[in-house]
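Peer 1: The structure's right below; bear with me while I get my questions together.
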Amino acid sequence: MKKIFTVLFCTLVCSQFTSAQNRESRIIDSLSTNALKAKYYKKYKSTDTVRKPTFNTYPFVSYTPETDVAFGAGGIFIYYTGKEKELNPSKLGFGGFYSLNNQYRISMDNDLYLFKNRLNIKLPMNYGFYVNKFWGIGDDAQDYANAAYTATTFATTLTVQIPTTWFSADRAGMIFDYNYTEIEDKKGNELIDDPLVIGSNGGQMIGFGGDLVWDSREHLFTPKSGSFQYFKAVIYPSLSDFNFAFFEFDVRNFISFKNGGVFASNFFIQSATGDTPFYKLPSLGGKQMRGYFFGRYRDNFYAMGQLEYRKSFSKRWGYVLFGTVGNVSENIIEYNFRTLKYSFGSGVRYMFNKKERVNLRADIGIGADGNSGVYFGIEEAF
């Protein structure tokens, strides 16, 4: 617990240091790929300084069960490709971290708006060395002492979106996804060498697909009302080392109460079919199931639901209470409700940027069978 509170203290100091440097600058989380949407910026007048190009940098300290304590820094350049009032800002973001268990990651996030928002091009990239774990496949995967392995990964996704009327969505996009993963050291994990496990040596993934977005949230960072729905489908044909298809569906709803509290709900599904490498399989854990190491359970199908109550008790401080249930299975038909995994927990929130309503997040999640995790980050979990 001493290390946890030390990390939280360092994180708060870093965030305050950044805020004091430039309180008029926009502090934007490098992990958020949606922080520059039109609905948010329409609240500002054309005379606001947000219309001018800006460049910001910031340090951060974080902790997750996957990375341990990590130290990093990031930066973002915001600019406009035209003078139209309704034009969304474009951005070039970058960041990197190094963790106490010798992981590292560098990333760059490109988000470009053109022709009065009629064209949006996103191109995030990341490269890193990761210490991961694999306990096998299925909802009954047992604890395994030699679950660790290391891998190097380069990944990028090109998304080109335009306004659409399809299915009453706000935007529709075409996706090109590329991932190259090399398993560096299996560290004695014999489960990876199981002939039924695909991807034991890593490989190349090349995928093509599309997505749809519906978004009525009143705010991006800390929504109090509205909803968000996202659907994507990507096919990885035979020109990849693996031939499979991947689907994702994410639904979020937010309801405000008169006492200032917010009730948030999230329903999340991932599904894969075909020769999917084990490290790309839908995985339980992380932000979608706080309290479990991301990938503690993996299989072709994953569905979860979580509820969260959020309440502020001062101008900057607040708390959350959350509960989650979910499971993995070979397919949707074999989804077993009797073996559902659960987690619950609570956390504190510190609004380090009042103008933008950006929270610093610290959560403790507790799951079944001794699983638990401590999570630090910026913005809400969903």
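Please treat every number below as a calculation from the coordinates, not as lab data. These numbers come from a predicted model, not from an experiment. Glycine gets a Cβ as well: all are built from the backbone with ideal geometry, and neighbour counts include every protein chain shown.
Peer 1: For each of Trp166, Trp317, Trp135, count neighbouring Cβ atoms within 10 Å of the residue's Cβ, then give the residues from fewest to most.
Peer 2: Ranked by crowding around the Cβ, least crowded first: Trp166, Trp317, Trp135.
Peer 1: Give, to the nearest whole percent, the P(r) tail of segment 222-306 beyond 22 angstrom, counting all Cα pairs.
Peer 2: 39
Peer 1: Just to confirm the number: angle between the C-alpha axis of helix 2-21 and the first principal axis of the chain, 0 to 90 degrees, nearest 10?
Peer 2: Approximately 30 degrees, to the nearest ten.
Peer 1: For the residue pair Asn243 and Thr57, what label-to-label distance in nm results when each label sits 7 Å from Cα along the Cα-to-beta-carbon direction?
Peer 2: 4.9
Peer 1: Then there's this: Go ahead and estimate [θ] at 222 nm for the chain from helices alone: -39,500 (n - 2.57) per DSSP H run with n ≥ 4, summed, over the residue count, rounded to 500.
Peer 2: Helices in the chain give a 222 nm mean residue ellipticity of -2000 deg cm²/dmol.
Peer 1: Counting each pair of different Cα atoms once, what's the Kirkwood radius of segment 73-145 in Å, rounded to one decimal?
Peer 2: Computed over Cα pairs of segment 73-145, the Kirkwood hydrodynamic radius comes out at 15.5 Å.
Peer 1: Return the Cα extents of segment 79-192 along principal axes one, two and three, sorted largest first, each rounded to a whole Å.
Peer 2: Computed over segment 79-192, the largest-to-smallest principal extents equal 58, 34, 19 Å.
Peer 1: Along the positive direction of the dipole of segment 287-382 (beta-carbon charges: Lys, Arg +1; Asp, Glu -1; about the Cα centre), which of Tyr375, Met304, Ile332 reaches farthest?
Peer 2: Tyr375
Peer 1: Also: Within a 10 angstrom radius of the beta carbon, how do Phe278, Phe344, Phe254 rank from fewest other beta carbons to most?
Peer 2: Phe344, Phe278, Phe254
Peer 1: Build a GNM of the chain with springs between Cα atoms under 10 Å: which of Leu239, Leu284, Leu112 gets the top mean-square fluctuation?
Peer 2: Result for the chain, Cα springs under 10 Å: Leu239 fluctuates most.
Peer 1: Now, a different point. Trypsin sites (Lys or Arg not before Pro), restricted to segment 236-337: which are DSSP loop and have at most 12 other Cβ atoms within 10 Å?
Peer 2: Lys258, Lys315
Peer 1: How much length would be gained if the chain were fully extended between Glu184 and Phe167, taking 0.36 nm per residue of separation minus their Cα-Cα distance, in nm to one decimal?
Peer 2: Answer, rounded to one decimal: 1.7 nm.
Peer 1: Let me ask another. How many percent of Cα pairs in the chain exceed 38 Å?
Peer 2: Every Cα pair in the chain considered, those over 38 Å come to 16 percent.
Peer 1: On a 26 Å Cα-Cα criterion, which of the cross-link pairs Lys52/Lys116; Lys258/Lys354; Lys52/Lys224 come out too long?
Peer 2: Lys52/Lys224
Peer 1: Would you mind ranking Met108, Met304, Met174 so that the residue whose beta carbon has the fewest other beta carbons within 10 Å leads the list?
Peer 2: Least to most surrounded, the residues fall as Met174, Met108, Met304.
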